[in-house]
Protein chains: 2
Amino acid sequence: MIKHYENIKVILVEPLGPINVGSIARICENFGIKEIRIVSPKCDLLDLKVKKMALKGMSLIKDAKCYLTLVEAIADCNRVVATCGRIDHGEIPLYSTETTLNWLIDGNPKNTIGIVFGREDRGLTNQELLLAQKVLTINTSPSYPSLNLSHAVAIVLYELSKCIGNSSKVNNHSNNNPAKPKELNDLIDASQEFLLQIGFLYKHTALSKMQKIKSMLQRGEARSEEIALLRGIISQAKWFINKKND
Amino acid sequence: MIKHYENIKVILVEPLGPINVGSIARICENFGIKEIRIVSPKCDLLDLKVKKMALKGMSLIKDAKCYLTLVEAIADCNRVVATCGRIDHGEIPLYSTETTLNWLIDGNPKNTIGIVFGREDRGLTNQELLLAQKVLTINTSPSYPSLNLSHAVAIVLYELSKCIGNSSKVNNHSNNNPAKPKELNDLIDASQEFLLQIGFLYKHTALSKMQKIKSMLQRGEARSEEIALLRGIISQAKWFINKKND
């Protein structure tokens, strides 16, 4: 996913933890990100823990470009957003994740765009935040707002992929193929006859109870094969009862 | 955040990794979740790695309730959604994260609601998915859809907090009030017993046929009174047959 946007760069500033770096690589691979950039990594990028967490994302780490400063890392980017979890961001305005990412992609799809994440312990400095065009924050509980770095990346990439819009994997449940009305009616008729026979229904209550059942099957958009299954149950129950009568 | 919804339970089924469990506790704390439930944990919940990743979320682990089965873990839940990253989910319909979570909170805010996450390596079984009323999937790249467990939790809680924040804006599209998963399960158990008795089911086909029926009732969001009606039918049919036997 995140297709048609080949030029999204996930940029990490001085990440400390190999577990985080590996996890970030995996989530980037999960969302089809093609490039990770790292400013002055503070851990060994080839640490075994990185590999263990990255799994199929490890190639993103092997191909990651490293930079000395954030300025250099974003030099070729047309649009850049930074992320901020701190509350002491001074006068720098913070926007919601969704608003910011919609802005980020609201341009030429050939743009090179960068999303910048800060250090695990203290995020990005205000000076670094000001290098971006917009700063986003992820709304969390005020009593414990500090997100794990890889969780922040996961949430941002999820929201970004939603903004870009792609729903190939989700079944469009309204494409369900409900049975024909006649099949449903026939089932209801057969069931009513059976339920009268076993004394579950009385003639004067039959209609309203059968309507309840019908409305449930209709709501569930019962399919042909499901209606057939239910008819099979009714037939078998009738047969079983009549056999006993012999 | 996620305030006004005190009764959200994050339910983990057989988690394997202490790093994941700790990370999940932290993200739960970040989003103000008050309770984690764990079905048959496959790692030591007091492992140092759990503590290291959980940070302020560690109290959620200390207070976590453990269960032997998922059925028990969701017994008191009014609404339950499960998560699925597998593609071999058979006929179980998958919905987008946003759609499912909007449905989850679209009821009485005092409802006890459960969100179920499966094992790191193979998720939830189809049988477990059918214990929930709806199943969500997180849209990812088709070439590497497998998310880290704690990332899945992070994304779901982020989306949930957005849904709750927006819920005033969301149209109350379904006034439907589906039965608790336990009511549906009990109906399925009773029906299976009856259908075996009348020879409609054989032991080796029972599971797959009952899953079809269950999936249809789940899709239709069958209500308590409808489930009760169906149970009434089963009881009456049993009674009728036994009477004949006398």
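The values are calculated or read from the model by the stated rules, or taken from the named source; none is laboratory data. Remember, predicted model here, so these are calculated numbers, not experimental data. Glycine gets a Cβ as well: all are built from the backbone with ideal geometry, and neighbour counts include every protein chain shown. Note: accessible area is taken over every heavy atom of the protein model, side chains too, but ligands, DNA and RNA are not part of it. Shrake-Rupley method; radii C 1.70, N 1.55, O 1.52, S 1.80 Å.
How many residues are crowded, with 18+ Cβ neighbours inside 10 Å, assigned to a helix (DSSP H, G or I) and more than 7 Å from chain B (Cβ to nearest Cβ) if we restrict to the range A:218-233?
The number of residues fulfilling the criteria is 2.
Taking the residues in the range B:52-76 that are in a helix (DSSP H, G or I) and more than 14 Å from chain A (Cβ to nearest Cβ) as candidates, determine which candidate is surrounded by the most Cβ atoms within 10 Å (Cβ to Cβ).
B:Leu70
Restricting to the range A:133-145, name every residue that is open to solvent by less than 20 Å² (accessible area, probe 1.4 Å) and in contact with a Cys (Cβ under 9 Å, 6 or more places away or on another chain).
A:Val135, A:Leu136
Within the range B:128-148, does at least one residue satisfy the condition of being more than 10 Å from every other protein chain (Cβ to nearest Cβ), within 15 Å of B:Glu14 (Cα to Cα), touching a residue at least 40 places away in the same chain (Cβ under 8 Å) and out of contact with any Pro (no Cβ under 8 Å at 6 or more places or on another chain)?
Checked the range B:128-148: at least one residue is more than 10 Å from every other protein chain (Cβ to nearest Cβ), within 15 Å of B:Glu14 (Cα to Cα), touching a residue at least 40 places away in the same chain (Cβ under 8 Å) and out of contact with any Pro (no Cβ under 8 Å at 6 or more places or on another chain).
Search the range A:57-74 for residues that are under 14 Å from A:Pro15 (Cα atoms) and in the same structural domain as A:Ile19 (by TED's automatic domain parsing) and pair each with any residue that is exposed (fewer than 13 other Cβ atoms within 10 Å of the Cβ) and hydroxyl-bearing (Ser, Thr, Tyr) when their beta-carbon atoms are under 9 Å apart and the residues are at least 6 apart or on different chains.
Nothing qualifies.
Could you tell me whether B:Val39 is touching a residue at least 12 places away in the same chain (Cβ under 8 Å), open to solvent by less than 20 Å² (accessible area, probe 1.4 Å) and in contact with a Pro (Cβ under 6 Å, 6 or more places away or on another chain)? Show your work before the answer.
Numbers: touching a residue at least 12 places away in the same chain (Cβ under 8 Å): yes; open to solvent by less than 20 Å² (accessible area, probe 1.4 Å): yes; in contact with a Pro (Cβ under 6 Å, 6 or more places away or on another chain): no.
Here the answer is no, as B:Val39 does not meet what is asked.
So which of B:Gly90, B:Gly57 is of a type outside the set (Phe, Trp, Tyr) and in contact with a Lys or Arg (Cβ under 9 Å, 6 or more places away or on another chain)?
B:Gly57
Which one is nearest to A:Ser96 (Cα to Cα) among residues in the range A:106-132 that are in contact with a Cys (Cβ under 7 Å, 6 or more places away or on another chain) and either among the acidic types (Asp, Glu) or open to solvent by 10 Å² or more (accessible area, probe 1.4 Å) (or both)?
So in the range A:106-132, the residues in contact with a Cys (Cβ under 7 Å, 6 or more places away or on another chain) come out as A:112-114, A:123-124, A:129.
Next cut, either among the acidic types (Asp, Glu) or open to solvent by 10 Å² or more (accessible area, probe 1.4 Å) (or both) only: A:112, A:123.
Numbers: A:Thr112: 21, A:Gly123: 17 Å.
Only one residue tops the list, namely A:Gly123.
Just checking, does the range A:77-93 include any residue being open to solvent by less than 80 Å² (accessible area, probe 1.4 Å), of a type in the set (Gly, Ala, Ser), under 20 Å from the mean Cα position of the chain (by Cα) and within 10 Å of chain B (Cβ to nearest Cβ)?
No, the conditions are met nowhere in the range A:77-93.
Is it the case that some residue within the range A:116-125 is free of Cβ contacts under 8 Å to residues at least 12 places away in the same chain and either within 21 Å of A:Leu16 (Cα to Cα) or more than 14 Å from chain B (Cβ to nearest Cβ) (or both)?
Looking for residues that are free of Cβ contacts under 8 Å to residues at least 12 places away in the same chain and either within 21 Å of A:Leu16 (Cα to Cα) or more than 14 Å from chain B (Cβ to nearest Cβ) (or both), one finds at least one in the range A:116-125, hence yes.
From A:Ile24, A:Ile38, which residue is assigned to a strand (DSSP E or B), in the same structural domain as A:Thr112 (by TED's automatic domain parsing) and closer than 28 Å to A:Asp106 by Cβ?
Exactly one residue qualifies, and that residue is A:Ile38.
Filtering the range A:198-217 down to residues that are surrounded by fewer than 16 Cβ atoms within 10 Å (Cβ to Cβ) and facing chain B (nearest Cβ under 8 Å), which residue is nearest to B:Ile213 (Cα to Cα)?
Within the range A:198-217, the match that is nearest to B:Ile213 (Cα to Cα) is A:Lys212.
Among the residues of the range B:7-28 satisfying the criterion of being at pLDDT 95 or above and of a type in the set (S, T, N, Q), which is surrounded by the fewest Cβ atoms within 10 Å (Cβ to Cβ)?
Step by step, filter the range B:7-28, then rank; the result is B:Asn20.
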